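Presented below is the structure to which this report refers.
The values are calculated or read from the model by the stated rules, or taken from the named source; none is laboratory data. Since the structure is predicted, the reported quantities are computational estimates derived from the model, not experimental observations. Positions of Cβ are generated from backbone atoms using ideal geometry, with glycine treated the same way; all protein chains shown enter the neighbour counts. Remember, those area values only see protein heavy atoms, side chains included, never the ligands or the DNA or RNA. Shrake-Rupley method; radii C 1.70, N 1.55, O 1.52, S 1.80 Å.
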Amino acid sequence: MRAPARAQDLILAHRVKGYRVGELERRYPSLAIEEAFFINYGFLPRETLALLHPRGAPPSYDAWNSRMQTRAQEVLAFVCQQGRTHAKQVQAQFDHGRIKRWGAQLNASTHLLEGLHYRGLLRVERRKAGTRIYQAIEHSPQQDSPQTRLARASQLLDLVMQLYAPLPASSLGYLCRLLRNGVPHLAAEVRQLQEHAESRYAHAQVDGNLWFWPQGENPVAARHLVDDKLRFLAPFDPVVWDRRRFQLFWSWEYKLEAYVPAHKRRLGHYAMPMLWGEQMLGWANLKVVDGRLRHELGFAGPHPRGRAFRRALDEALQQMQEFLEL
């Protein structure tokens, strides 16, 4: 989705000074990062990727039968021989046709490449016009003692906590479930860590909810002071991603409606939550038409009318245009 830009670009725009749309994809080959599936699909430092493998096959609901395993070995051998490989080259070589997955007909070659990537046998070398270019990879052997397995799971769960805290207990449980899907070979260790979350992480009861955040992190520290900027957040931004927390913080329900039929949408195709200071005022639908940024706003409560809001909105729209290089 590019309305008005890909989620990773929208997320980085708030966190990397001077960031411009598409910069991650352009610089990816020279950065020490990898595309990979963690608790969701995205970009990871290579040292984090090393903690994920060898993870082998995905959960049983997405396992391959013997025929697909044979096809996968043929595709892997082809990529090893070919080097940098586009999905179209695999399709031309093997003509695997289509398979049914998740209620839809998927290109079998693309599915095999993605499965080999998940298993750690391929990596994304770069993208071309948004399409992944794969190459073969071998990961260093990992120690497999109970202590090292638990240590690896600990590092991964700590990373999740750093990304998404503060977390209500229900959200921590959900993220642990996603992590078990991401590292099924460490599922038992993740469960063990979840059971001891109260001794591992700082926590407090607030309005009947148990909240967790990393040890040593001070929520009232100066680095967390709130400014008066207005920000348009991607639906997958860490501030927004946890819909449970979103509703606890701001008392209204946000949904991504990109896959909802147009006549049933309440917020819009790609409504971006609109954060002003500590208040999530509502949402914005942004799109580029004839080289100009257009915006439509919606509000969960009263529409702010003062000059301060108008100034913050104008600055946010100007920053968005600079980010989009309009």
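The residues of segment 296-316 that are out of contact with any Gly (no Cβ under 9 Å at 6 or more places or on another chain), among the acidic types (D, E) and in contact (Cβ under 8 Å) with a residue 12 or more places away in the chain amount to a single one, E315. Pairs linking a residue in segment 204-230 that is farther than 30 Å from R307 by Cβ to a residue that is open to solvent by 100 Å² or more (accessible area, probe 1.4 Å), with Cβ atoms under 9 Å and 6 or more positions apart or on different chains, are L210/E198; W211/Q205; F212/E198; P214/Q162; E217/Q162.
Scanning segment 214-243 for residues that are open to solvent by 50 Å² or more (accessible area, probe 1.4 Å), touching a helix residue (DSSP H, G or I) at 6+ places or on another chain (Cβ under 8 Å) and not in a loop (DSSP other than H, G, I, E, B) gives a single hit, R231. Annotation for segment 180-199: at least one member residue is of a type outside the set (K, R), outside any strand (DSSP E or B), at pLDDT below 95 and closer than 29 Å to P273 by Cβ.
Scanning segment 245-262 for residues that are modelled with pLDDT under 95 and not in a loop (DSSP other than H, G, I, E, B) yields one hit, A262. Output yes when any residue across segment 123-130 is in a strand (DSSP E or B), closer than 30 Å to Q93 by Cα and touching a Pro at 6+ places or on another chain (Cβ under 6 Å), and no when none is. Yes; the residues of segment 123-130 include at least one that is in a strand (DSSP E or B), closer than 30 Å to Q93 by Cα and touching a Pro at 6+ places or on another chain (Cβ under 6 Å). Just so you know, in segment 102-143 the residues that are free of Cβ contacts under 8 Å to residues at least 24 places away in the same chain and closer than 26 Å to G22 by Cβ include one that is most open to solvent (accessible area, probe 1.4 Å), and it is A129. Of all residues in segment 180-206, those that are among the aromatic types (F, W, Y) and open to solvent by 30 Å² or more (accessible area, probe 1.4 Å) total 0. Quick check: anything in segment 244-261 under 18 Å from Q162 (Cα atoms), surrounded by fewer than 16 Cβ atoms within 10 Å (Cβ to Cβ) and of a type in the set (D, E, K, R)? There is at least one residue in segment 244-261 that is under 18 Å from Q162 (Cα atoms), surrounded by fewer than 16 Cβ atoms within 10 Å (Cβ to Cβ) and of a type in the set (D, E, K, R).
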